[in-house]
Amino acid sequence: MLWVVSGTGTGIGKTAAATALVRTLRAKGAAAVGWKPVETGVVAGQLGADQEALLSESTFHVKHKLHCSFLPAVSPHLASRLAGIELQLEPWVRHANELRATCHLVIELAGGLFTPLTDSQLNVDLVAMLKPDCHILVAPDRLGVLHDAIASLTAAKIKNAAPHFVLLNQSTAASASLFNASELARFASIPILGPLPFAPIEERAAKLALWLQRSTEALDPALISRPV
């Protein structure tokens, strides 16, 4: 099974959501592995904090030989260009398809859903190539999220990479809104989950498990509990 965690931008808590998702699947008795194919702002050849967090929650360790890291904290397409490397999405897709046949693979994208990965391909193009069983769009529970989420949902649908859910994430203790979830639901045709609390991973995972159990019934009743 393949899950993709994308976002409306960078620094909005995708890793918090993705690690909670891996733990949620693991708690259901599933073999679950987290992977962030490319990271920037990380010493080349090393794993960044996001990938380390995903691995710490994974059922078992997978050596992602295609993992890419670049020191400049810029868009992946620019970081790879500065390094003289051209990112190739097809090998990532093949690697993902190999893993999804044996476990629940949770892929966290770098940056926003429309962040460039190459000079001609965006994250949203990778999602369309991956054809995930479930695509979750993370959006920060703060002022401006209605525009960001609605714009991302509208554009993603055109690119054949529509999310199945929006997950509002409380990225700081003071960022929660009483209105974002209900107001976003007026304009979105998919379930709005959250907000995921600014809290230890145990609490985040417990809430996420409950929301996903309820919401995935319409998508696939066995999705959250399927061993593979």
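Coordinate-derived values only; no laboratory data. Worth saying up front: this structure is predicted, and the values here are computed from it rather than measured. Positions of Cβ are backbone-derived with ideal geometry, glycine not excepted, and every protein chain shown enters the neighbour counts.
See the values below:
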{"read-out": "Long-range amide H partners of L122 with built H, under 5 Å", "value": "L117"}
{"read-out": "Size of charge dipole - the chain - debye, nearest 20, with Cβ of Lys, Arg +1 and Asp, Glu -1, no other charges", "value": "300"}
{"read-out": "Residue-span extension gain [H61 to A44] - 0.36 nm each, minus C-alpha spacing", "value": "4.1 nm"}
{"read-out": "Those lysines that a straight Cα-Cα span of less than 19 Å connects to K207, excepting residues fewer than 8 apart in one chain", "value": "K14, K28"}
{"read-out": "Longest exposed-site-free window of the chain, the sites being chymotrypsin sites (Phe, Trp or Tyr not before Pro) in a DSSP loop that have at most 15 other C-beta atoms within 10 Å", "value": "61-178"}
{"read-out": "The chain: translational diffusion in µm²/s, Stokes-Einstein, Kirkwood Rh over Cα pairs, 20 °C, 1.002 mPa s", "value": "123"}
{"read-out": "Helical segments meeting 18 Å axial Cα length and Kyte-Doolittle 0.5 threshold in the chain (DSSP H)", "value": "145-158"}
